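Since the structure comes first, as structure tokens, the remarks are kept for the end.
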Amino acid sequence: MASYNNFIIEAPFAKSTTFRLRQNYPNPFSKSGRQGTAITKIHFDLSRTDDAVLKIYNVLRQEISTLAQGKYQPGRHEIGFEAANLPADVYPYVLRIGDRVLTKKMLVVD
């Protein structure tokens with residue numbers, strides 16, 4: 001909204017889709033984990049219904065797993081990832097919403 005010579009002008013604006021990729025928890029996490037499981041959780045938030053793809057990669061940029069793919073409703077989404085068969089290392093995970101991309105890293109330890 002702008003004001004000029006006592007006139008108020010309201011300009012409509014396009015609402016952009018917002019989304020957020022959160023850090024996995026726990027991080028780092030042990031591949032042997034508690035009670036023999038090595039599970040971490042990844043959360044992402046959407047402000048509107050949209051197509052989302054969540055993938056895990058190794059440091060050589062090779063795809064390890066597709067954790068989520070499809071249309072998701074607005075809100076927070078939780079995806080579990082089990083790393084028992086992976087070597088200890090850093091693994092980037094990537095959330096794609098349309099042409100927008102967010103990346104974070106998880107650390108798997110022995």
(message) Straight-line reach only, C-alpha to C-alpha below 24 angstrom: list the lysines that LYS31 could link to, leaving out same-chain residues fewer than 8 apart.
(response) LYS41, LYS55, LYS104, LYS105
(message) Under a crude label model (7 Å from the Cα following the beta-carbon direction), how far is ILE64 from HIS77 in nanometres?
(response) 2.0
(request) In whole Å, largest first, what are the principal axis extents of the Cα atoms in region 14-105? (result) 47, 28, 19
(request) Starting from region 32-110, pick out the trypsin sites (Lys or Arg not before Pro) whose DSSP state is loop and whose Cβ has at most 16 other Cβ atoms within 10 Å. (result) ARG48, ARG61
(request) Please find the FRET efficiency linking ARG22 to LEU107, where r is the Cβ-Cβ separation and R0 is fixed at 25 Å, and quote it to the nearest 0.05. (result) 0.95
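No value in this document is a laboratory result; all are computed from the given coordinates. Keep in mind that what you see is a predicted model, and the values were worked out from it rather than measured. Backbone-built Cβ (ideal geometry, glycine too); neighbour counts: all protein chains shown.
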